[in-house]
Structure formats: C-alpha cells, structure tokens
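See below for the structure under consideration.
Nothing in this text is a laboratory measurement; each read-out follows from the coordinates by a stated rule. Here the structure is a predicted model, which means the values were calculated and not measured. Quick reminder, even Gly has a Cβ in these numbers, built from the backbone with ideal geometry, and neighbours come from all protein chains shown.
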Amino acid sequence: MGNTTFWLRLAAVAATGVGSAALVSPWDLGFLAWISFSPLLVALWSLEGKHAAWKGFGLGWLAGTVAHGLQLSWLSVVSPLGAGVLPAYLGLFWGVFGAFAATSGNPLHGRLQLHSNLVAAFSTAAVWASLEWLRGWLFTGFGWNGIGIGLHDNLIFSQPADLLGVPGLSLLLVFIQALLVLGIRRKNLSAAIPIIGTVLLAGAYGKFRIQQEESRPTTPLRALLVQNNIPQDAARYLWDPAEIHMAYEDATLEALEEAKAAETFPDWVIWPESALTGRILRTDDGGWGTWQENVDTLRNVREGGDFTLMFGAVELEATNDGDTLTPKPGGNTYNSLVAMSPADELQTFRKHHLVIFGETIPFVDSIPFLKKIYQQQAGVEYGGSFASGGSFEPLAATTAAGTEIGVIPSICFEDTVPRLTRRFLKDGPQVIVNITNDGWFKESPAAAQHFANAKFRAIELRRPMLRAANTGVTASVDTTGRAAVLTDSKGSHFTSGTLLARVPVPTRPGMSLYGMIGDWGIILMGVGGAALAFRSRRSKRGGAENTTVTL
C-alpha cells in the first residue's frame, strides 16, 4: 500500500508539473490552468505525520522544478547551467507552498474541520499567489509564467488582472481547484455552488471591464513598428554595422512611402532594443551627440517625413569639451530607449531592471571568478556592467494632430515587471512602449512566453502597449489585452517586416485597483490566508469535537 501511495503521489506531482508547463508556448494549452494544480493539491493534502512538512516540501519542489524546467528549457541556448539552476531555484517557492499545504494549510486531516471549504480554499490560494509574487520580487525577481499566465489568450477571464495583477488570476484559479478537490474528497456536492458562482462572477467582471474600456473616449495614434529579425550571432559577428543600419533605413523608408500613399502616415516610428550600433552621448545639462554611423541613419530616415522616432541604443555619460562631446572618464553606460522628436529634440530612458549575468553581475569586482562563469556560458568576454537608471518620469511624444501622449518606457524584460511599469502611471493619455531583443534565444518559445507575460501590463494598468522586437514578438496591445502581431504568411512571428499599428489611446484612462495599490493587495491576501490557516490549525487542536462546517 505504501509503495502504491508513493507512486500515486509522484504521478500527481508529474501531472501538475507537466500541466503547468503546458500553459505557455510552445503548447499554449490554456484550458489546463483550470485543472492542472488539482493533482498537486490531492497529493499534498494526503500527507500526514511528523514528516509531512518535509514530504510536502519535496513534492512541491519537484512539481515546480518539472514545470519550470520544461517551460524554461530554451535557456540552454545561452546557458546550459542556467537551464538547470533556475528551475531548481524557482521550485523552492513551490516547495514552501508544499510544506504549508501539507501542514497548517491542510484542511483534510485532524479530527476537527473547523474551517469551511471556502476559508480553506482561500487560504490555500492566497498563500500560493503570494509566493508567486515573492519569486517575482526576491533577489530582483523572476516572475514569469505564474499559473495565471495560462489565461493570456482568454480575453474575458484575463480582465481581473487589473485587480491584483497576474498573481490575482493565479489566486482565482487555485481557489476554484481547491474547492473542487475539497468537494470531491468530502463528498460535498454543495461545493459546486461557490465554484460556479466564482466563475460566473469573474466572467461577468471581465465582460463589464471590456465594455467599459471600449466605451472610453480615445485619441488615435499610428505607430510604425519595425522588426528586422537579425540573428544575434549575425549581429555580433557577421553583419557589418552599416548593414544593420541600412536594413532599418530601407524597411522604414519603404513602409513610410506606402503609408503616405494610403494616407495613413504614422505619428511614431519605433525600432527595437539596441537597434543602432553607435553610442548616444548625453551631458548632465541635457546636451547630446551620437556617433557618425547613427547620424547618417537618422538623417536618411528623416527624409521620410515628420514623426517621433524611438529606438534602443547604448548611452554614455559625456562631457562637453568645447564643441566636442566625449565620454566622461569613469562615467556610466546605460541600455537606453531614445525618443527623438521631429525637431530632433532628444529624451532618453535608462533601463532600471538589469538582467543578472546579462547586463550586470553582482559582486563581480570582489568575486572575479564570476567573470569566468559568464565567459563560459555566454561565449564572449565580460565587457562590464550597465548602470541602472533612476528616473520614473514618463517620456513625452506628440501625434501629428498635436496631442501629447505620455510614454511609459520599458526595455527588454522590464515589460514583465509590473511593479516597475506602474510607477510611471500619470493622468492623461499614456502608452506603454517596450523595445526588446529576444534574438539571444533564437527561434525558441522564449519570445512567445515573453509576450504572453508582457501583454498583461496593458490589462493591469489599462494603458495600451506598443512593442518593437529585433526578433521575437512585435505587436500592439489595447487596454483589454487584444493584440495585433507582426507575422509572416505562415503565422510565424520570427520574420522581418513592419507593422502599422492603429492604437486608440484613452484620453481619460481609468485607474485600476492594481494601478492604485500595486502588489500590496496580493501581499495582504497572502498574509491573511496564512493567518487563517494557522489560526484554524490551532483551533483544530484545542476545539470541541464533532464541530464541522462544510460550506
């Protein structure tokens, strides 16, 4: 019997691990979000005895490691070590949940069942959701692919993300599955009532929010998004910088000519992260200059008409030596988003959230061995760290009609960090602009997973998004999460081309609950859920017998 139980629990762990992995690309089986967590709950709630916490930790860790190992297998393209270490680390958060669910959060063991199905399900779901938040915050965080991401293609049920973020969607899904497991284990058919009620309530909220967003007054914005699909190896070794620049020039000028003929000329043109190979020089007083290769490209595309140009470039702190700008000795280097008006006035946003072991290596000066690890995994020498930017002021750009629109800037995977993006929220029309380059991961599921996570920022904050990728997913997303994606004739987003996005920008955008309170909602939910579980556990040990509540 013991061996049978062991293998059944292991099968349940595997089912949850594989099912959770399948929520995102390349599988995209979003319907599994409603059931994939259930087998793990069954396994964890079957544990008892003095070693239940450790057994629960082990089962949870294994399920999480399987899930993230399958989801993040694309990391092996750049770091075989990372493809093994990161899933094992992320599995620790599942392990903590497993220890909780097998002990204080276990509603099925003990003589007494003082807490109801609803309280037990909420406690379980809230603790899980708070752990998803924690892994997206701790040590700068990696919050990709929570259970709620499985709803990324479900327009109606993705809308509640504007309440508590993506972890809030995970809370909803785990709550429903916990109720389902409790109802079946306790043979309590009445558990179906709160399940159906919760689903109907979430669906009604989703429809209401979609209708509300569609009824807002908007101002039109046209943006030309350019993707050249330059392989990362080619960008590093094979392509001459002049070829890269010419590719952007040719694609942009051709698209601008077509737009003129169709009378759909864009207000903005957006190129991706690190589009231009020349550096941008900025002085403390706002003066700027750039390398000659950039000057030629910018002059050439300006012949296409008047528009605000946004692009990614490396920015250097500079000093003004007479009429010449030179890099400041010991000055910082930034990964920046550059916005240049039709009058060549320039603004830059300096990336905040740097990629560890990609753009910065903590303690690298005191632990030189870290450079060797980087060189072994990346295949190139470590060239120094970028500095992190400090401003949370949106950039400003105008439309051809003269409407000023705030630009919420993000670079690379910053569009998967909601606590960062929400800090740019202001009253008035705003658009999230993300520039990225997922070429490091070649034609793997990384780009599609990145986009699935990113487009929730438009829903959470109720601001549309424009996204230009060198290779990856170039797209526009409205405030309900509807997306228009650049693809080739076969439907692949790994393509070269341009997308003329027509974006209705709310002139008086709403302020979502998540926009107002950020992550505090899910943090308080987690604290409250844990407190309920611990209180109920103490009541079990000291309360009267035969006191049972099942609703």
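Worth pointing out:
- Selection from Ala452, Gly58, Ile435, by position along the positive dipole direction of the chain (Cβ): Gly58
- Couplings for the stretch 144-157, taken from phi via the Karplus curve 6.51 cos²θ - 1.76 cosθ + 1.60 with θ = phi - 60°, read 4, 6, x, 4, x, 5, x, 8, 5, 9, 9, 4, 6, 7 Hz in order; Gly and Pro are left as x.
- Gap separating the Cα centres of the stretch 240-279 and the stretch 7-62, nearest whole Å: 47 Å
- For the chain, the longest principal axis of the Cα atoms and the long axis of helix 292-302 meet at an angle of about 90 degrees.
- Mean Cβ neighbour count within 10 Å, used as a protection proxy, ranking 161-168, 99-106 highest first: 161-168, 99-106
- Ascending count of other beta-carbon atoms within 10 Å, so fewest first, for Val78, Val269: Val78, Val269
- Where trypsin sites (Lys or Arg not before Pro) fall in DSSP loop in the stretch 190-280, at most 10 other Cβ within 10 Å: none
- Residues with amide H under 5 Å from that of Gly278, placed H, sequence gap 5 or more: Asn294
- Too-long pairs where the Cα-Cα distance tops 32 Å, listed order kept, from Lys55/Lys187; Lys207/Lys351; Lys455/Lys490: Lys207/Lys351
- Values of log10 I(q)/I(0) for the stretch 370-521 across q = 0.09, 0.15, 0.16 Å⁻¹ run -0.33, -0.85, -0.94, by the Debye formula with one identical scatterer at each alpha carbon and no solvent.
- By the count of neighbouring beta-carbon atoms within 10 Å, fewest first, Asp240, Asp438 end up ordered Asp240, Asp438.
- On Cα atoms only, tilt of 166-185 relative to the major axis of the chain in degrees: 20 degrees
- Local electrostatic count at Ser496 - Lys and Arg +1, Asp and Glu -1, tallied over other residues with Cβ under 11 Å: -2
- Full extension of the chain segment joining Ala401 with Arg482 gains 26.6 nm, where the gain is 0.36 nm per residue of separation less the Cα-Cα distance.
- Restriction of the trypsin sites (Lys or Arg not before Pro) in the stretch 1-57 to DSSP coil positions whose beta-carbon has at most 12 other beta-carbons within 10 angstrom yields Lys50.
- The local environment of Glu393, defined by Cβ-Cβ distances under 13 Å, has a net charge of +3 under the rule Lys, Arg +1 and Asp, Glu -1.
- Distance between the stretch 457-490 and the stretch 286-333 - C-alpha centres, whole angstrom: 28 Å
- The long axis of helix 520-542 is offset from the longest Cα principal axis of the chain by roughly 10 degrees.
- Ordered by the number of other Cβ atoms lying within 10 Å of each residue's own Cβ, fewest first, Tyr205, Tyr248 fall into the sequence Tyr205, Tyr248.
- The distance between label points at Thr283 and Arg423 comes to 2.9 nm (points 7 Å beyond Cα on the Cα→Cβ vector).
- Positive-end extreme of charge dipole, the chain - chosen from Ile411, Leu29, Phe307 (charges on Cβ): Leu29
- Debye, to nearest 20: dipole size of the chain, +1 on Lys, Arg Cβ, -1 on Asp, Glu Cβ: 3680 debye
- A simple rule links phi to the HN-Hα coupling: the Karplus curve 6.51 cos²θ - 1.76 cosθ + 1.60 with θ = phi - 60°, which for the stretch 464-479 gives x, 10, 10, 9, 10, 10, 5, 9, x, 10, 9, 6, 10, 9, 8, 6 Hz, with x for Gly and Pro.
- Translational diffusion coefficient of the stretch 123-174 (Stokes-Einstein, Kirkwood radius from Cα pairs, 10 °C, 1.306 mPa s): 146 µm²/s.
- For the chain, the C-alpha radius of gyration divided by 2.2 N^0.38 Å, with N the number of residues, is 1.05.
- Where the alpha-carbon atoms of the stretch 1-78 are placed on the principal axes, they occupy 42, 29, 19 Å, in descending order.
- Cβ charges +1 (Lys, Arg) and -1 (Asp, Glu), total dipole of the stretch 1-160, debye: 440 debye
- With Cα atoms defining each centre, the stretch 203-235 and the stretch 63-85 are spaced 30 Å apart in the structure.
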